[in-house]
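Undergrad: Handing you this structure, nothing more for now.
The values are calculated or read from the model by the stated rules, or taken from the named source; none is laboratory data. A quick note: this is a predicted structure, and the numbers were derived from the prediction, not measured. Note that we place each Cβ from the backbone using ideal geometry, even for glycine, and neighbour counts take in every protein chain shown. Only protein heavy atoms, including side chains, enter the accessible area calculation; ligands, DNA and RNA are left aside. Shrake-Rupley method; radii C 1.70, N 1.55, O 1.52, S 1.80 Å.
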Amino acid sequence: MPTMLDRVAYAAGQTARVGWFLAHYAAGRRQLKPMPRPDFPVGPFPDRQTLLRDMRQLFTREWDDIAAGLFPPPPVLDQDPIAWLRRSALYFRDLPKVDERRHARTNDEPNHDPAHAHLPRYYRQNFHYQSGGWLTEESAAVYDVQVETLFTGAADVMRRRALKPIALFLGNQDQRQARLLDIGTGTGRLPGFIRHAFPGLHVTGLDLSRPYLDHARRTMGTSRRLKWIEGAAEALPFADASIDLITASFLFHELPPKVRRAAVAEMARVLKPGGRAIVIDSALESDRPEWKGLFDLFPYYFHEPYFTDWVTSDPDALFSAHGLTARTTEIAFLSRVMEFERRPL
Ligand SMILES: C[S@@+](CC[C@H](N)C(=O)[O-])C[C@H]1O[C@@H](n2cnc3c(N)ncnc32)[C@H](O)[C@@H]1O
């Protein structure tokens, strides 16, 4: 059970993190050239107080789960602080290039590099207008800072909402017998938290990006219980009914609808009956109609070609059509955490 000291360390650590990335957000905004007003209707926005209150409630919810003994507090510093500082410096150095792309609407640079010709066309884009798309070491190095700055320090806590359904699923069973696959693992943030909370689990992170996987290997390590493999969510290199748990954080809004459907079919195929898929992604417009302006503007400021389709879709129907029944849903700040159960075959 966590102690009072753990509580203080958690509050101080998370407050410092949010402050750090709020400062990134403010400093970054000052560097950006103003964008022309969008020529489409834009919905309402939450005010800053509402956003901060909602974010605070999310940390409170996480602490309640920690206090209930579902999983341990997150590490206060999960990686070398000097490495984080270096990545922040890289992020600010890269920001003008991202802004240039945003203004010029340039979004297909990775498509012109013949080295990437083996990858699917939809994948070879500058998502978020980021330099290198998903396909360079530099992009992998700044990715975590980009995401945390966008979410003002709340990206990790949203990812960690996957820990609750995992803890409840594992219950008293022997973790060492269970296999978890994280698809679209990126730099491996979610597998890192899963390994910290459930050290016995066998965890594999899968991604199409070799540089992101290399980054994950360097920062998270590799072991008998932690593996990183190159592969596509829509063609999982695993046998039928061989995995107990699948997670995916912030992957689904990056996939074209057809690929999204194929990925769900693959998740259903490789999950054991009774196994769980836990998907964290952007909240839907219908979850936060009073925040619609954020959903309208996000794909305008960040190259997000499939985002609008995702936030207006019906994930429960999509997963159910492939044999995955919705069990729980949590709206966690700007995200939606969905747990699905593989129906018996
Ligand atoms: C927005 S990032 C999310 C990364 C990470 N899960 C996180 O929580 O930050 C999307 C990731 O999905 C990967 N990706 C995109 N399409 C994919 C596909 N079809 N199969 C496997 N990975 C894919 C990208 O390379 C990228 O690392």
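Undergrad: Of the residues in the range 227-236, how many are away from the ligand (no atom under 11 Å from the Cβ) and either open to solvent by 20 Å² or more (accessible area, probe 1.4 Å) or at pLDDT below 95 (or both)?
TA: Of the residues in the range 227-236, the ones away from the ligand (no atom under 11 Å from the Cβ) are 227-228.
When the remaining residues are screened for being either open to solvent by 20 Å² or more (accessible area, probe 1.4 Å) or at pLDDT below 95 (or both), the result is 227.
Looking only at that region, the number is 1.
Undergrad: Report yes if residue 125 is within 16 Å of the ligand (Cβ to nearest atom), surrounded by fewer than 19 Cβ atoms within 10 Å (Cβ to Cβ), touching a residue at least 24 places away in the same chain (Cβ under 8 Å) and part of a loop (DSSP other than H, G, I, E, B), otherwise no. So that I can check it myself, show each step before the final result.
TA: Details: within 16 Å of the ligand (Cβ to nearest atom): yes; surrounded by fewer than 19 Cβ atoms within 10 Å (Cβ to Cβ): no; touching a residue at least 24 places away in the same chain (Cβ under 8 Å): yes; part of a loop (DSSP other than H, G, I, E, B): yes.
Considered against the rule, which asks whether it is within 16 Å of the ligand (Cβ to nearest atom), surrounded by fewer than 19 Cβ atoms within 10 Å (Cβ to Cβ), touching a residue at least 24 places away in the same chain (Cβ under 8 Å) and part of a loop (DSSP other than H, G, I, E, B), residue 125 comes out as no.
Undergrad: Has the range 326-341 got any residue that is outside any strand (DSSP E or B), over 16 Å from the mean Cα position of the chain (by Cα) and either farther than 19 Å from residue 264 by Cβ or not basic (Lys, Arg) (or both)?
TA: Residues of the range 326-341 outside any strand (DSSP E or B): 333-334.
From what is left, the residues that are over 16 Å from the mean Cα position of the chain (by Cα) are none.
Checked against the condition, which is being outside any strand (DSSP E or B), over 16 Å from the mean Cα position of the chain (by Cα) and either farther than 19 Å from residue 264 by Cβ or not basic (Lys, Arg) (or both), the range 326-341 yields no hits at all.
Undergrad: Considering only residues of the range 171-197 that are open to solvent by 10 Å² or more (accessible area, probe 1.4 Å) and farther than 20 Å from residue 148 by Cβ, which is farthest from the ligand (Cβ to nearest atom)?
TA: Here the residue is 172.
Undergrad: I'm trying to understand the selection: among the residues of the range 1-35, which are in contact (Cβ under 8 Å) with a residue 40 or more places away in the chain, within 22 Å of residue 149 (Cα to Cα), not charged (D, E, K, R) and not in a helix (DSSP H, G or I)?
TA: 32, 35
Undergrad: Still on this structure: When you scan the range 206-215, do you find a residue that is part of a strand (DSSP E or B) and buried (at least 16 other Cβ atoms within 10 Å of the Cβ), even just one? Step through it out loud before you land on a result.
TA: Within the range 206-215, the subset part of a strand (DSSP E or B) is 206-207.
Pick out the ones that are also buried (at least 16 other Cβ atoms within 10 Å of the Cβ) and you get 206-207.
Yes, there is a match, as at least one residue in the range 206-215 is part of a strand (DSSP E or B) and buried (at least 16 other Cβ atoms within 10 Å of the Cβ).
Undergrad: Look at residue 146 and say whether it is within 15 Å of the ligand (Cβ to nearest atom) and at pLDDT below 95. Working first, answer last.
TA: Numbers: within 15 Å of the ligand (Cβ to nearest atom): yes; at pLDDT below 95: no.
Spelling it out, it is not the case that residue 146 is within 15 Å of the ligand (Cβ to nearest atom) and at pLDDT below 95.
Undergrad: Taking the criterion of being assigned to a helix (DSSP H, G or I) and either surrounded by 13 or more Cβ atoms within 10 Å (Cβ to Cβ) or without any contact (Cβ under 8 Å) to a residue 12 or more places away in the chain (or both), would at least one residue in the range 36-49 satisfy it?
TA: Yes, the conditions are met somewhere in the range 36-49.
Undergrad: Also, I was wondering about something else. Looking at 276, 288, 269 in this structure, which one is over 25 Å from residue 128 (Cβ atoms), open to solvent by less than 50 Å² (accessible area, probe 1.4 Å) and among the basic types (Lys, Arg)? Show your work before the answer.
TA: Numbers: 288 fails: over 25 Å from residue 128 (Cβ atoms); 269 fails: open to solvent by less than 50 Å² (accessible area, probe 1.4 Å).
Of the residues listed, the single one that is over 25 Å from residue 128 (Cβ atoms), open to solvent by less than 50 Å² (accessible area, probe 1.4 Å) and among the basic types (Lys, Arg) is 276.
Undergrad: Collect the residues in the range 71-110 that are assigned to a helix (DSSP H, G or I) and open to solvent by less than 40 Å² (accessible area, probe 1.4 Å), keeping them in residue-number order. Break it down stepwise before answering.
TA: Pass one, the range 71-110, residues assigned to a helix (DSSP H, G or I): 81-104, 109-110.
Across the range 71-110, the qualifying residues are 83, 84, 87, 88, 91, 94, 95, 98, 99, 101, 102, 110.
Undergrad: Residue pairs, Cβ under 9 Å, 6 or more apart or interchain, first in the range 157-186 and over 23 Å from residue 236 (Cβ atoms) and small (Gly, Ala, Ser), second more than 16 Å from the ligand (Cβ to nearest atom) and not in a helix (DSSP H, G or I). List them.
TA: Every condition considered, the pairs that remain are 167/69; 167/70; 167/71; 167/198.
Undergrad: Being in a loop (DSSP other than H, G, I, E, B) and open to solvent by less than 40 Å² (accessible area, probe 1.4 Å) is the filter; apply it to the range 307-323 and report the residue that is nearest to residue 38 (Cα to Cα). Before the answer, list the steps.
TA: Initially, the range 307-323 is screened for residues in a loop (DSSP other than H, G, I, E, B), giving 312-314, 321-323.
From what's left, open to solvent by less than 40 Å² (accessible area, probe 1.4 Å): 313, 323.
Working: 313: 23, 323: 40 Å.
Among those residues, the one meeting the criterion is 313.
Undergrad: Turning to a different aspect of this structure: Which residue out of 247, 222, 204 is within 18 Å of the chain's Cα centre (by Cα), farther than 18 Å from residue 124 by Cα, at pLDDT 95 or above and away from the ligand (no atom under 12 Å from the Cβ)?
TA: Numbers: 247 fails: away from the ligand (no atom under 12 Å from the Cβ); 222 fails: within 18 Å of the chain's Cα centre (by Cα).
Testing whether each residue is within 18 Å of the chain's Cα centre (by Cα), farther than 18 Å from residue 124 by Cα, at pLDDT 95 or above and away from the ligand (no atom under 12 Å from the Cβ) leaves just 204.
Undergrad: Scan the range 81-99 and give yes if some residue there is closer than 24 Å to residue 307 by Cβ, of a type in the set (Lys, Arg) and in contact (Cβ under 8 Å) with a residue 24 or more places away in the chain, otherwise no.
TA: Yes.
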